[in-house]
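Computed from the coordinates by the stated procedures, all read-outs in this text should not be read as laboratory data. Since the model is a prediction, treat every value here as computed from it, not as a measurement. Ideal geometry is used to build each Cβ from the backbone, glycine not excepted, and the neighbour counts take in all protein chains shown.
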Amino acid sequence: MFEFRLPDVGEGLHEAELVEWMVDVGSTIEEGTIIALVNTDKVSVELPSPASGVISSLPWNPGDILRVGEVLMVLDGDETSSASSPADPAPPLEPDRPSSTYESDPVIVAESEASLVAAALGRSIAAPSTRKLAAELGVDLEGVRGSGPGGRILRGDVHTTAAKSIRPAPVEQLSADEDVVREPLNGVRRVMFRHMTESSNSCATTTSTFTVRMEHIEKLVAELRVENSPSVGVFAATSNCVVQALTRNPRFNATSDPDSNDLLLHRQVHLGVAVASPSGLVVPVIRRAQELHLPELGNAIAEVAVRAREGTLAAPDMRGGTFTLSSTGGLEQARVTSAQPLINLPQVAILWMSRIRDEAVVDDGVVRPGRMMSCSLSFDHRYIDGAEATSFINNLTSLIGHPLEGSE
Amino acid sequence: MTVLQATTAAMTRAMLDDSAVVVMGEDVGVAGGIFRATQGLQQQFGEDRVIDTPLDEKGIAAHAIGMALYGLRPIAEIQFSGFIHDAFEQIMFCGTKYRWITGGQYTCPMVLRAPSFGGIKGGFWHSQSPETYYIHGGGMKVVCPATPDDAYRLLLAAIVDPDPVLVLEAVPLYRSLSGPVNDDGVPAEIGRAEVVRPGDDLTIVAYGPARHLALRAADEMSAREGYSIEVIDLRSLVPWDREAVSASVRRTGRLVVLHEGSQTLGFGSEIVAAIQEHDFGYLHGPIQRIAGHDMPYGFSIGDEYYRPSIERIRAAVRRAMDFEF
Amino acid sequence: MNAPKIVSFAGAPREPVPVPLASADELGIEQVLDAEGLPNGNRPEPDLDQATVVKMYEVMVTVAALDRIGWQLQRSGRMEFWIPSRGQEAAHVASTAAMRPSDWIFLADREPGSFLWRGAGLTQMFAQFFGRADEPLKGRRLPLLLGDRSINIVPCTTQVGSYIPHAAGAAWAAKLRGDDTRFIVYFGDGATSRGEFHSALNFAGIHKPPVVFFCQNNGWAVSTPNDRQTATATFAEKADAYAVRRVRVDGNDPLAVYAATADALAAMPDEGATLIEAVTYRMGFHTSSDNPDLYRSGDEVDAWARWDPIDRTRKYLEHKGWWDSGREAALHEAADGDIKAAITAAEAMPKPVPESQFDDVFEQPTWMLDDQRDRLLDDLSNGGAL
């Protein structure tokens, strides 16, 4: 008998929603057969079976939320036919603790045994003061992944879990009747719910709104279209300016460390671009954007847009962003002149851009039509002050006014 | 004064203030005690009040009990705490029980002074930490002064206490430790600890000579490793100042308990049990114990590997500080 | 198959030892009365008035009635434990009679007569036997381990002989204070083997405290006869090793006991302590948990019955014209009646409450005791029902 437990498919995942089964109970499958489609954190993941055999149990229904480690599928069959199958997901070891210390340090051995014992007993290992903290924050230690030695749950783990979990005040339950349709909080919507809650609870979100003249961008784009670079649209050209502005204002290209609250400044610009997908707004990340020439950037943006529409983005595509760019320009019809975008944790800033509008501007004392775009820059005032924000805005405005191809 | 001089001064003061106070023991009169703690007392107060007894610890304790029943306040000196055990039944089943078994009618306000602890190359019989035997079962108060002022005031407190009190005197400190003592006859309060050194990261609780070692370790580690270590000298064991230890642990979250007496069922066990029960949610990690071992007090050439040492304290502090929570 | 042979072994009932009281002169035992209660012994009658001797007799008879009835209570399950004193009435009553009320008595466990002599009521005594709360020892001691400070009687610290030096130390303290308080401490033959006996006599020889060491040699320490307890012919002579005055006396002769005690008191200023060995006999069991048939013969008990202290005293009273059968009948009736009334009253008294055990450990309880008490009361309240 072989139990296929839900693996962590994307760096620290702990649950996924079953979208659909690709097999049936009783089917004979080979190692590698795709057995299910699951939604994890805004991406869909196909799960291949690590073993061959006859399916004896598929104990979930589409729509169910599974935790990593829970049994997804049970196979009957020759045990030897299961190849190097993943064992139960183990608690993460300290990445910088070399294995040789296991033999030499009896304390660590004891603690790893403790974590195994704890797992067997279903009880978590945490210091008394950490337990007290958990109780005070309303965090259930079961299911908290401990990042301490031997899987011990540390204060930071409790704080992180507290930030993620929602404890709404009890509200009056509306009676279920035909006038009320329940929309379960699943999949992408669930993720958005969590992220927005976390963001609004932790960041000191401050927004500055400004307008930029887009004539030069449009001229550049037109020139490039002539040169057969159709992929470089206004959005790509503007993104390029944002990337360069980030290299000039590195504190905007940063993420916060949840344990220490330190600011981590990134040398690479991993630009998250908000794009539409069938399941909602997603933010794939274009990695090392500062290294890309404008056409490359344009291609990258085009590609993620296509994949988002097709719902084929993978979990790694969504991770590691250092700044987020969001444009509702394509959807707008009204004259939306400002927004207050929420910051995409653990980043510290996000830029929203409107559509380009014809508006009256004053050039050299003369009123004439201009091509205007509204921008709203939200930044985390816990890290960034008004002067820095103004500097960034000034740089960005200048770059947009004089867009350069490629990077410096 | 040295610790020894403070001890003598306390007895002198008590004998002047109250004619019921008498001193008895082997070699305490003419010779002034083998440590000279009672030096001059017989000359000052006479043979009737400073009594050289036969070589019979059981007899010393038993007669002291009888005297106390009648209304005297005898101070019985046991030459070394290792010699006290012949009197164990008299002490723990007679002296400490008279009040209870007589329904409160007969009481036993006696003091037993017992030179204790190690660090003197005294071998098995002359280096002992017997406190646990004389705590278990109840009825005895126990004090363990580690400074001249404490030696003076805790002995005074023992003498005026209406119940039996065992004073564990620190032999290695008798002459080696000096300090200011105001001979004002004011007793200490039995049951109050002293926060010798304030700190925020970790609490060390000690008593007897170990207090000084704890202080040294705390100072060194604070300078070298930046730990802010609080040191508490319990000063008495029955009753002990749980409130002081608890208040400290609730701030620091880390506790190291330190004593010379052997580990199993040593007084540290009581502290650990009481603190984990009383302050569990404040603990960042396991409470550390550093104690003597379950055997006699070390080699004839020295007992450094028996008694808590600076290395063991450092290791325990590091264990406590390194424990992630 | 042959029936198993009974082999003689050390624990078997032994041959009876002749009653030493019959050879008082040869054995150096001070004696006033002969077996018939007539003053024909080697000591003259002490100077005692009728009232005192009559009171001694009345108390002795009450002690015997108490012993008989108490034994029945234990055997019928109404009392936990009993320590018989039958046969030893004269030894403790007469010696107590020689002391003044301000003198301290350190009791052992076979001296209920000392309590009665000093005016403690039977109800109070039965309250102690039944372990009730409202008696001086607050229900904390086994039956017959009596004590009451208001009559200067200290209850024993149970362990045989452990309190002998307490009495000596208290006497020493009184002497140091210059008080004229005198002391008597009761113990048995077995106690003389314990270290405390040695310590007390050794210190007493040096410091001469005003204490009577009263050894009731009743022939047996549980199952151990005298000649297995010590190799000396007497217990009195043990005082010689410590240069302490000593005397051997007929313990079943109240007049001899009284006189010996009075002599010891008189000798105190010059000679300090005296060891009195009162030769008597334990007519009953060691305690209600004993079985003397294992180790002694009924013949020995019968021999000692001839020297019964109550019979001898009554005969002496009759000889003096101080007693008659009418008074005898009245005394027995009164004793039984008073005892039964006391039993009824005492059994109705309340038992100690759990929290009372935390009192009197120290003058003021420590927080440690308070914690334990509070927890106990909480648990009794919360853990009660399932």
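Just for the protein assembly as shown, what percent of DSSP beta bridges are antiparallel, to the closest 5? Roughly 50 percent of the beta bridges in the protein assembly as shown run antiparallel, per DSSP.
Here segment C:147-207 is treated as a sphere whose radius is the Kirkwood value from Cα pairs; by Stokes-Einstein at 25 °C and 0.890 mPa s it diffuses with a coefficient of 201 µm²/s.
Structure remark: mean-square fluctuation, Gaussian network model of chain B, C-alpha springs under 10 Å; the largest value among B:SER19, B:SER129, B:SER116 belongs to B:SER19. Expressed per residue, the C-alpha convex hull volume of the protein assembly as shown stands at 308 Å³. Taken about its Cα centre, segment B:194-322 carries a charge dipole of about 140 debye when Lys and Arg each add +1 at the Cβ and Asp and Glu each add -1 at the Cβ.
What is the gain in length, in nm to one decimal, between C:THR344 and C:THR224 on full extension, counting 0.36 nm per residue of separation less the C-alpha to C-alpha distance? Show your work: numbers first, answer last.
Working: separation 120, 0.36 × 120 = 43.20 nm, distance 3.73 nm.
Length difference between fully extended and current span is 39.5 nm.
In plain terms, the chain from A:LEU263 to A:GLU223 could stretch by 10.4 nm, reckoned as 0.36 nm per residue minus the Cα-Cα distance. Our summary gives chain B a relative contact order of 16 percent, counting only alpha carbon pairs under 8 angstrom and 6 or more residues apart. Using the Cβ-Cβ distance between A:GLU70 and B:HIS293 with R0 set to 41 Å, the FRET efficiency from 1/(1 + (r/R0)^6) comes to roughly 0.25. Among B:ARG113, B:ARG175, B:ARG254, the largest mean-square fluctuation in a Gaussian network model of chain B (Cα springs under 10 Å) belongs to B:ARG175.
If the segment from B:VAL30 to B:ALA315 were pulled out straight at 0.36 nm per residue, it would be longer than the present Cα-Cα gap by 97.8 nm.
The mean sequence separation of alpha-carbon pairs under 8 Å and at least six residues apart, normalised by the residue count of segment C:27-352, gives a relative contact order of 26 percent. Helical runs assigned H by DSSP (4 residues or longer) give chain B a calculated mean residue ellipticity at 222 nm of -10000 deg cm²/dmol, each run adding -39500 (n - 2.57) before division by the residue total. Shielding of peptide A:129-142 by partners, expressed as the average count of other chain Cβ atoms within 10 Å per residue Cβ, is 2. Applying the Karplus relation 6.51 cos²θ - 1.76 cosθ + 1.60 with θ = phi - 60° to segment C:226-242 yields 3J(HN,Hα) values of 3, 6, 9, 7, 7, 8, 6, 5, 9, 8, 4, 5, 4, 5, 4, 5, 10 Hz, where x marks Gly and Pro.
Over segment B:1-147, Cα pairs under 8 Å with separation of 6+ residues give a relative contact order of 20 percent. Averaged over the residues of peptide B:89-101, the number of Cβ atoms from other protein chains lying within 10 Å of each residue's Cβ is 5.
Taken about its Cα centre, chain C carries a charge dipole of about 400 debye when Lys and Arg each add +1 at the Cβ and Asp and Glu each add -1 at the Cβ. Considering only B:PHE35, B:ILE84, B:VAL142, and ranking their Cα positions along the charge dipole of segment B:3-173 that arises from unit charges at the beta-carbon of Lys, Arg, Asp and Glu, the one farthest toward the positive end is B:VAL142. What whole-number volume per residue, in cubic angstrom, does the convex hull of the C-alpha atoms of segment C:244-386 give? Convex hull of Cα atoms, per residue: 282 Å³. Converting phi to 3J(HN,Hα) with the Karplus coefficients 6.51, -1.76 and 1.60 and the offset θ = phi - 60°, segment A:280-288 yields x, 6, 10, 10, x, 10, 9, 7, 6 Hz in sequence order, with x at every glycine or proline. Highest mobility in the GNM of chain C, judged by mean-square fluctuation with C-alpha springs under 10 Å and restricted to C:ILE151, C:ILE310, C:ILE276, is found for C:ILE151.
In a simple Cβ point-charge model (Lys, Arg +1; Asp, Glu -1; nothing else charged), the protein assembly as shown has a dipole of about 1260 debye relative to its Cα centre.
Neighbour counts of other Cβ atoms within 10 Å put B:MET140, B:MET321, B:MET221 in the fewest-to-most order B:MET321, B:MET221, B:MET140.
A protection proxy built from the mean count of other Cβ atoms within 10 Å ranks the segments B:8-18, B:101-111, B:59-69, B:179-189, most packed first, as B:59-69, B:101-111, B:8-18, B:179-189. For the segment B:127-138, counting C-beta atoms of other chains within 10 Å of every residue's C-beta and taking the mean gives 1. Dipole orientation for the protein assembly as shown: of the candidates B:ALA206, C:GLN128, B:PHE280, B:ALA206 has the Cα lying most toward the positive pole (charges on Cβ; Lys, Arg +1; Asp, Glu -1).
Based on Cα atoms of chain C, Rg over Rh with Rh as the Kirkwood radius reads 1.00. When both bridge partners sit in chain C, DSSP labels roughly 10% of those beta bridges antiparallel. Add -39500 (n - 2.57) for each DSSP H run of 4 or more in chain C, then divide by its residues: what number comes out at 222 nm, to the nearest 500 deg cm²/dmol? Helix contribution divided over all residues of chain C: -13000 deg cm²/dmol. Each part gets one Cα centre, and for segment B:294-316 versus segment B:56-89 those centres are 31 Å apart. Computed from backbone phi with θ = phi - 60° and the Karplus coefficients 6.51, -1.76 and 1.60, the 3J(HN,Hα) list for segment B:126-136 is 9, 10, 8, 10, x, 3, 4, 4, 9, 9, 5 Hz; x is used for glycine and proline.
Report the Cα centroid-to-centroid distance between segment C:86-163 and segment C:296-362 in angstrom, as an integer. Comparing the Cα centres of segment C:86-163 and segment C:296-362, I get a distance of 13 Å. Overall form of segment B:194-322: oblate. Here a/c, set by the Cα gyration tensor axes a ≥ b ≥ c, is 1.5 or more, and a/b is not larger than b/c. Residues whose amide H lies under 5 Å from that of B:VAL205, counting only those 5 or more places away or on a different chain, are B:ILE232, B:VAL256, B:VAL257, B:LEU258; hydrogens are built 1.01 Å from N in the peptide plane. With the simple spin-label model, which puts each label point 7 Å out from Cα in the Cβ direction, the C:PHE81 to A:THR247 separation comes to 9.6 nm. Take the Cβ atoms of C:ASP47 and C:GLU271, set R0 to 30 Å, and the FRET efficiency comes out at 0.90. Give me the net charge of C:LEU377's neighbourhood, meaning all other residues with Cβ under 12 Å from the Cβ of C:LEU377; Lys, Arg count +1, Asp, Glu -1. Result for the local shell: -4. Near B:GLU169, the amide H atoms lying under 5 Å from its own belong to B:ALA114, B:SER116; only residues 5 or more places off or on other chains count, and H is placed 1.01 Å from N. 7 Å from Cα along Cα→Cβ at both C:ASN291 and A:SER27: what's the point-to-point distance in nm? For C:ASN291 paired with A:SER27, the spin-label model returns 8.4 nm. Please name whichever of B:ALA157, A:SER260, C:VAL211 sits farthest to the positive end of the charge dipole of the protein assembly as shown, dipole taken about the Cα centre and charges placed at Cβ: Lys and Arg +1, Asp and Glu -1. Highest projection toward the positive end goes to B:ALA157. A Förster distance of 45 Å, applied to the separation of the beta-carbon atoms of B:SER176 and C:GLU355, puts the FRET efficiency at 0.45. Just to confirm the number: angle between the C-alpha axis of helix B:310-322 and the first principal axis of chain B, 0 to 90 degrees, nearest 10? With both axes taken from Cα atoms, the answer is about 40 degrees.
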